[in-house]
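Q: Mind having a look at this structure? Questions to follow.
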Amino acid sequence: MIKAIVERNEAGEITGFTLTGHAGYAPEGEDIVCAAVSMLAINAVNSVEKFTGAKCETEGDEQEGGRLSFHVQEVHSPMERHDVSLLLRSLLFGLRCVEMAYEGTIEIFDEGGRKE
């Protein structure tokens, strides 16, 4: 199962996420759920980096069950904060759609471990 941990700031805005694990929906290389989640996450990371000036940190490791972490470290304006928030909320929306369509393949939690 994929575990998605969503990180938020004091205002409740999403500031990062960590994805770990594999969906287990199909054999490796054929798993459409893993492909969908990977595409959503990579698109979110690339979009934040391309369309905003936010300073971010990304770490990935395909070993040990797969892992991708993304953290926004600095934003420079209210408009940039809005854009980053919108892109990361879009990621969360996509992950929730996958969670509903393919039950038992992904769980989404906030940074406190509470189910999102």
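Q: Roughly what percent of Cα-Cα pairs across the chain reach past 23 Å?
A: Value for the chain (Cα pairs over 23 Å): 26 percent.
Q: A further question follows. Going by amide H atoms built from the backbone, whose H comes under 5 Å of the H on residue 102, apart from near neighbours?
A: Those lying under 5 Å, H to H, from residue 102: there are none.
Q: To continue, here is another question. How far is helix 78-101 tilted, in degrees, relative to the longest principal axis of the Cα atoms in the chain, given as a value from 0 to 90 rounded to the nearest 10?
A: 10 degrees
Q: Ignoring ligands, DNA and RNA, what accessible area per residue does the chain give at 1.4 Å, in Å²? Mind dumping the intermediate values first?
A: Working: 6990 Å² over 116 residues.
Per residue, the chain has an accessible area of 60 Å².
Q: A further question follows. Residue 74 versus residue 32, label points 7 Å from Cα toward the beta carbon: distance in nm?
A: Taking the simple label geometry, residue 74 and residue 32 are separated by 4.4 nm.
Q: Shifting gears a bit: Of the peptides 15-25, 45-55, how do they stack up when ordered by the mean number of other Cβ atoms within 10 Å, highest first?
A: Working: 15-25: 19.1, 45-55: 15.8.
Taking the mean over residues of other Cβ atoms within 10 Å, the ranking is 15-25, 45-55.
Q: Taking all protein chains as present, what is the carbon and sulfur share of the accessible area of the chain, in % to the nearest whole number, probe 1.4 Å?
A: On the way: 3630 of 6990 Å².
Roughly 52 percent, rounded to a whole number.
Q: While we're on this one: List the residues whose amide H sits under 5 Å from the amide H of residue 109, counting only those 5 or more places along or on another chain, with H placed 1.01 Å from N in the peptide plane.
A: When sequence neighbours closer than 5 places are left aside, the close amide H contacts are 4, 5, 6, 116.
Q: Something else now. Would you calculate a helix-derived [θ] at 222 nm for the chain, using -39,500 (n - 2.57) for each DSSP H run of n ≥ 4 and dividing by the full residue count, to the nearest 500? Present the calculation step by step, with values, prior to reporting the outcome.
A: Numbers: 2 runs with 44 residues, N = 116.
Value at 222 nm, helices only: -13000 deg cm²/dmol.
Q: Mark the label point 7 Å from the Cα of residue 20 along Cα→Cβ and return the residues of region 31-67 whose backbone N is within less than 16 Å of it.
A: 59-67
Q: What ratio of Cα Rg to 2.2 N^0.38 Å holds for region 36-94?
A: Working: Rg = 11.8 Å, N = 59, 2.2 N^0.38 = 10.4 Å.
That works out to 1.14 for region 36-94.
Q: Applying the Karplus parametrisation 6.51 cos²θ - 1.76 cosθ + 1.60 with θ = phi - 60° to the phi angles of region 46-60, what ³J(HN,Hα) value in whole Hz is obtained for each residue in order, glycine and proline being reported as x?
A: Listing the rounded values in order: 5, 5, 4, 5, 7, 9, 10, x, 4, 8, 10, 10, 10, 10, x Hz.
The values are calculated or read from the model by the stated rules, or taken from the named source; none is laboratory data. No experiment lies behind these values; they were computed from the predicted model shown. Cβ sites come from the backbone with ideal geometry, for glycine too, and all protein chains shown count toward neighbours. Surface areas here come from the heavy atoms of the whole protein model, side chains and all, with no ligands, DNA or RNA. Shrake-Rupley method; radii C 1.70, N 1.55, O 1.52, S 1.80 Å.
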